[in-house]
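Student: Let me begin by handing over the structure; questions about it come next.
Quick note: the coordinates plus some simple rules give every number you see, no bench work behind them. For clarity, every value in this text was computed on a predicted model and none was experimentally measured. For neighbour counting, all protein chains shown are included, and Cβ atoms are generated from backbone atoms with ideal geometry for every residue, glycine included.
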Amino acid sequence: MFIAGSFLFRPSNQEYQTYNLVPFKTISSYLSGEVSFLIAFYNLAANVLLFVPFGIFTMIIARKSPVNNIKRFGLPIIMITMIEVLQFLTKRGSLDVDDLILNVFGVYAGYGLSRSIKKVLQID
């Protein structure tokens, strides 16, 4: 909810009408130094880290109810794509395939971290 809500509650004077459908175009511009390090780091880290908890939460819940791999790996792609398209349609964010890539990577990183988190928090 926080993630989806974060683009809807941006300052009202900001409008976005841009899109990028070329994979790794934005990521490579950040890594090549075309923008300042701080902006690049913030955008790359935020797009990954904001979605790690979603992956952790999904895996903890999945232990209690069976979730097949299609749902586990397909659902985040569908949901994040819907968020990206909604951002574009509502002019509250840009549609960027690189955001999708980074967000999904964050979810999958959360999947990977979930086993460690469960051990530390002793969640069954």
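Student: Roughly what percent of Cα-Cα pairs across segment 21-121 reach past 24 Å?
Tutor: 30 percent
Student: At 0.36 nm per residue, and after removing the present C-alpha to C-alpha distance, how many nm does the segment from A109 to K71 gain when stretched out fully?
Tutor: Length difference between fully extended and current span is 12.1 nm.
Student: Label points 7 Å out from Cα along the Cβ direction at T18 and L44: separation in nm?
Tutor: For T18 paired with L44, the spin-label model returns 1.8 nm.
Student: Here is a further query. Using each residue's phi in segment 77-89, evaluate 6.51 cos²θ - 1.76 cosθ + 1.60 at θ = phi - 60° and report the 3J(HN,Hα) Karplus result to the nearest Hz, with x for Gly and Pro.
Tutor: Once θ is set to phi - 60°, the couplings for segment 77-89 become 5, 5, 5, 5, 4, 5, 4, 4, 5, 4, 4, 5, 5 Hz.
Student: Work out, step by step, the length gained on full extension between S32 and I117: first 0.36 nm times the residue separation, then minus their alpha carbon distance; give nm to one decimal. Could the numbers behind the result be given before it?
Tutor: Values: separation 85, 0.36 × 85 = 30.60 nm, distance 3.40 nm.
Using 0.36 nm per residue and subtracting the Cα-Cα distance, I get 27.2 nm.
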